[in-house]
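Down below is the structure, laid out as structure tokens.
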Ligand code: DGY
């Protein structure tokens with residue numbers, strides 16, 4: 001008999017087909033997030049829940065189905081799931097690590113370049129028919145080549161961002177809870193600095209830490225005030241790592257020059273001022289949004305989900 005699976009949103013075609021073939025599948029019929037009540041309704045009687053980073057999965061949801069075998073997240077981050085509550089109930093939680101490293105690193109660079117060279121601002125200028133021709137003072141941005149790149153966090157995505165910096169002759173400094181080995185620092189051509197020193201010395205600061213209690217508002221008023229007034233902050237990690245209200249003030253009063261954001265504290269809502277600020281490039285959480293990456297993520301999530309449902313160890317288990 002096929003395992004019963006509840007899927008909270010349509011996946012790309014390939015994983016969707018695999019799941020439909022190998023499971024007795026129920027899918028959210030809407031093109032929107034489900035409410036908590038709808039998720040509770042959906043998981044009753046199923047073996048597996050395949051969910052997204054936009055679904056908050058807490059103990060109450062888990063208790064709606066005492067026979068739930070697995071919570072498979074379609075994401076590398078799993079801060080949307082109460083993993084402790086799942087562990088307590090002996091429910092395996094899985095994620096999709098590694099697969100979105102390059103696409104997210106590319107996105108960090110897209111935001112960095114766009115903020116530095118004022119691409120989105122220029123695009124709006126042309127589209128609104130304001131452009132009267134080339135001008136020597138128009139949209140002067142900030143040099144990228146040779147500037148110092150500072151990385152907060154040094155996991156897989158940060159390392160991929162660092163590798164790309166070589167093409168721009170950028171010195172790369174980083175802070176991470178655990179320092180890399182000398183061999184890895186040499187291989188990546190990165191230098192370790194204190195947290196404050198990375199903020200103080202970088203022209204571009206890119207955030208690459210997971211969201212947890214220790215990293216919530218890791219970047220606030222004090223940290224922004226350490227940064228150069230000509231600097232740019234990039235966030236492709238998780239919104240709450242930056243205190244968004246403090247960021248708005250820092251961008252308004254010139255504490256820092258600009259920001260490139262893919263993630264926000266209360267997605268899909270942004271601090272209202274951000275919508276109208278020209279020195280911020282805003283993207284709708286697109287880090288992993290390439291056809292290839294989302295297909296691979298879907299395949300991994302499906303594999304994790306079906307493995308547990310069929311009594312096997314999943315390839316990407318999050319809880320012990
Ligand atoms: C993840 O998987 O955690 C990403 O944020 C999705 O883009």
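Key figures for this structure:
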| read-out | value |
| --- | --- |
| Relative exposure of 143, 271, judged by other C-beta atoms within 10 Å (fewest first) | 143, 271 |
| Gain upon complete extension [residue 88, residue 126; 0.36 nm per residue less C-alpha separation] | 8.1 nm |
| Two-site FRET efficiency, residue 276 against residue 214, from Cβ-Cβ distance with R₀ of 56 Å, rounded to 0.05 | 0.95 |
| Alpha-carbon centroid distance for the pair region 192-265 / region 113-190, whole angstrom | 14 Å |
| Sorted by Cβ neighbour density within 10 Å, fewest at the top, the residues 6, 195, 139 | 139, 195, 6 |
| Square roots of 5 times each gyration tensor eigenvalue, C-alpha, region 165-268, largest first, Å | 23, 16, 12 |
| Förster radius 35 Å - calculated FRET efficiency between residue 113 and residue 35, Cβ distance, rounded to 0.05 | 0.35 |
| Full-extension gain in nm, residue 179 to residue 245, via 0.36 nm per residue minus C-alpha separation | 20.7 nm |
| Relative contact order for region 1-150, counting Cα pairs under 8 Å that sit 6 or more residues apart, in percent | 16 percent |
| Kirkwood Rh, angstrom, region 101-282 [1 / mean 1/r, Cα pairs] | 16.6 Å |
| Compactness of the chain as Cα Rg over 2.2 N^0.38 Å, two decimals | 1.08 |
| Where labels lie 7 Å past Cα in the beta-carbon direction, separation of residue 67 and residue 222 in nm | 5.2 nm |
| Over the chain, relative contact order from alpha-carbon pairs under 8 Å, at least 6 apart, % | 20 percent |
| Contour excess over end-to-end distance, with Cα ends at residue 269 and residue 197 and 0.36 nm allotted per residue | 22.7 nm |
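Readers should treat all values here as calculations from the given coordinates under stated rules, not as data from a laboratory. As the structure is a computational prediction, the values presented were derived from the model and not from experiment. Neighbour counts are summed over all protein chains in view; Cβ atoms, including those assigned to glycine, are modelled from backbone coordinates with ideal geometry.
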